[in-house]
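**Q** One structure, pasted below without further comment.
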Amino acid sequence: MSQLKNAGLISMGGYLPAKNVPENKRENLVKFLRKETLLHHEYIDEIEEKGHMPGRIETNYDGWESQPWFDEWVSRLPPKKQSNPFQGAVERRRVPMDPVSVKKSIHPHPMLSSDAETIAAAKAIYNAGIDKDEIDLVLCSSLVPDLPVPQNASLVQHKLGLKNAGAINVDTCCSSFITMMEIAMNYVRCGAKKKVLIVGSSLDSIINDKSTYYSVYIGDGAVAGIVGEVENGYGYIASHSHSIGKRHKAIIFQKRAPSIFIPTSQGPSYEQEFVTFYDKDMQKEIAHETQNDIRRVSSKMFAKTKYTEKDIDFLVTHQPVPWTPDSWRECLGVPKEKLYHSWEKYGNIAVASSAVNHLEAIEQGLMKAGDKTMIVSSGVGENHIALFHRISPTLVENVKHEC
């Protein structure tokens, strides 16, 4: 039996609406996006002309406090939240409107998830400095795919012009990016694939019911990574996942009208799929058991290695609500300085949350080459996954292009 290869992330790229693109990186990135993708030119024009990713930052005032229905919204919040309605949320990112739908539709829609994914993926390829034809597989997870069937993987492959790549959709909800890391790293380790593009997005703007209390927590974003062979002693170490399917209906997508809405007999119903907190008992169980669930998936992962939680150099987590990152950190015994989260900037961006924190921790020099890093997430369904890997020098060097 041939020896397993060392596999890990070799590049990452993020699409966070309104995030600045450094002037010294802008020209070449714009050229790359125009030449190598099928993105609409207006998205790329915004990067070139305004110096930031297409989209905007939405503050609490923009989205709620300035609205005529704000007082009604506050009055319907759970009693514990009425005195502090935003619960620490400060801002979140919003994608722009789709330029084609603006010009050709009476009711235009926000940017499609496949476009957000294409931007993030193109940046990961650009940062890696590789020929995109080297990519032989795309794994994609979209919280809100362009279509229910087929989902976005093959569409992203097409919009990037990846002529040598297969495409697979992956879904474990908010934990999907780590699930894709696990799959891609093991494909590369065993030699089945050489370079795997993984990309995940959460565009809440498409499905957001602003009249619910949870709406203030959720934003837009997309992140991508490239998994390939890495230096000896770096990359994947171990992973473990488990599901608790009895909690399946805690949080679901449900077709309904907005929570604050007065219908008329002849008017539109405004029904669409919204994120819906469906079973309150299951939700309470998830919150009550979250530390136990994270301890369980972590201990089973470490049981496959010579390491323990004490060997974590850096911790990266999903951030479904403001208190979870520190709650998980505490239950694992990880010091505060070894955790990075971005709640106040982005809120919960679901599939992209843990990946954005992973990317920005490297950008900011908090996570360095050689760090043994644990990345962990929950996901409705309910799913949990933890992955332990050693950050490669190649990844750190390539992420510098993202800064």
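**Q** When ALA355 is evaluated against the numbered criteria (1) crowded, with 16+ Cβ neighbours inside 10 Å; (2) farther than 14 Å from PHE177 by Cβ; (3) touching a helix residue (DSSP H, G or I) at 6+ places or on another chain (Cβ under 8 Å); (4) in contact (Cβ under 8 Å) with a residue 40 or more places away in the chain, which criterion, by number, is the only one it fails?
**A** It is condition (2) that ALA355 fails.
**Q** Hey, any hits in the stretch 138-160 for a residue that's modelled with pLDDT of 95 or more, in a helix (DSSP H, G or I), within 17 Å of the chain's Cα centre (by Cα) and within 24 Å of ILE237 (Cβ to Cβ)?
**A** No - not one qualifying residue is present in the stretch 138-160.
**Q** Same structure, new question: Specify the residue that is farthest from GLY161 (Cα to Cα); the eligible residues are those in the stretch 33-48 that are in contact (Cβ under 8 Å) with a residue 24 or more places away in the chain and of a type in the set (D, E, K, R).
**A** GLU46
**Q** Another question, if that's okay. Is it true that TYR213 is surrounded by fewer than 22 Cβ atoms within 10 Å (Cβ to Cβ), out of contact with any His (no Cβ under 8 Å at 6 or more places or on another chain) and modelled with pLDDT under 95?
**A** Spelling it out, TYR213 is indeed surrounded by fewer than 22 Cβ atoms within 10 Å (Cβ to Cβ), out of contact with any His (no Cβ under 8 Å at 6 or more places or on another chain) and modelled with pLDDT under 95.
**Q** Do we find that ASP115 is on the phi < 0 side of the Ramachandran plot, surrounded by 15 or more Cβ atoms within 10 Å (Cβ to Cβ), among the charged types (D, E, K, R) and in a loop (DSSP other than H, G, I, E, B) in this structure?
**A** So ASP115 fails the test.
**Q** Can you pull out the residues in the stretch 183-218 that are farther than 20 Å from GLN3 by Cα, out of contact with any helix residue (DSSP H, G or I) (no Cβ under 7 Å at 6 or more places or on another chain) and not acidic (Asp, Glu)? Break it down stepwise before answering.
**A** Taking the stretch 183-218 and keeping what is farther than 20 Å from GLN3 by Cα, we get 197-218.
When the remaining residues are screened for being out of contact with any helix residue (DSSP H, G or I) (no Cβ under 7 Å at 6 or more places or on another chain), the result is 204-207, 212, 214-215, 217.
Of everything in the stretch 183-218, those that are farther than 20 Å from GLN3 by Cα, out of contact with any helix residue (DSSP H, G or I) (no Cβ under 7 Å at 6 or more places or on another chain) and not acidic (Asp, Glu) turn out to be SER205, ILE206, ILE207, THR212, TYR214, SER215, TYR217.
**Q** Another one. Identify, please: which residue in the stretch 282-311 is over 18 Å from SER241 (Cα atoms) and in contact (Cβ under 8 Å) with a residue 12 or more places away in the chain and is, among those, surrounded by the fewest Cβ atoms within 10 Å (Cβ to Cβ)?
**A** By that ranking, first place goes to LYS310.
**Q** Right, something else. Could you give me the residue pairs with C-beta distances under 9 Å whose first residue belongs to the stretch 1-18 and is at pLDDT 95 or above, whose second residue is assigned to a loop (DSSP other than H, G, I, E, B) and basic (Lys, Arg) wherever it lies, and which are 6+ apart or on separate chains?
**A** Every condition considered, the pairs that remain are ILE10/LYS195.
**Q** Run SER105 past the list (1) of a type in the set (Gly, Ala, Ser); (2) surrounded by fewer than 14 Cβ atoms within 10 Å (Cβ to Cβ); (3) within 28 Å of ALA153 (Cβ to Cβ); (4) in contact (Cβ under 8 Å) with a residue 12 or more places away in the chain and report the number of the one that doesn't hold.
**A** In the conditions (1) of a type in the set (Gly, Ala, Ser); (2) surrounded by fewer than 14 Cβ atoms within 10 Å (Cβ to Cβ); (3) within 28 Å of ALA153 (Cβ to Cβ); (4) in contact (Cβ under 8 Å) with a residue 12 or more places away in the chain, SER105 misses (4) alone.
Residues checked against (1) without any contact (Cβ under 8 Å) to a residue 24 or more places away in the chain; (2) surrounded by 14 or more Cβ atoms within 10 Å (Cβ to Cβ); (3) not β-branched (Val, Ile, Thr):
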position	(1), (2), (3)
ASN24	yes, no, yes
VAL30	yes, yes, no
LYS50	yes, no, yes
MET53	no, yes, yes
TYR61	yes, no, yes
SER66	yes, no, yes
PHE70	yes, yes, yes
PHE86	no, yes, yes
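**Q** Of the conditions (1) exposed (fewer than 15 other Cβ atoms within 10 Å of the Cβ); (2) at pLDDT below 95; (3) of a type outside the set (Asp, Glu), HIS341 clears all except one; give me its number.
**A** (1)
The values are calculated or read from the model by the stated rules, or taken from the named source; none is laboratory data. Nothing here was measured: the structure is a model prediction, and the numbers come from that model. All Cβ positions, glycine included, derive from the backbone under ideal geometry; neighbour counts span all protein chains shown.
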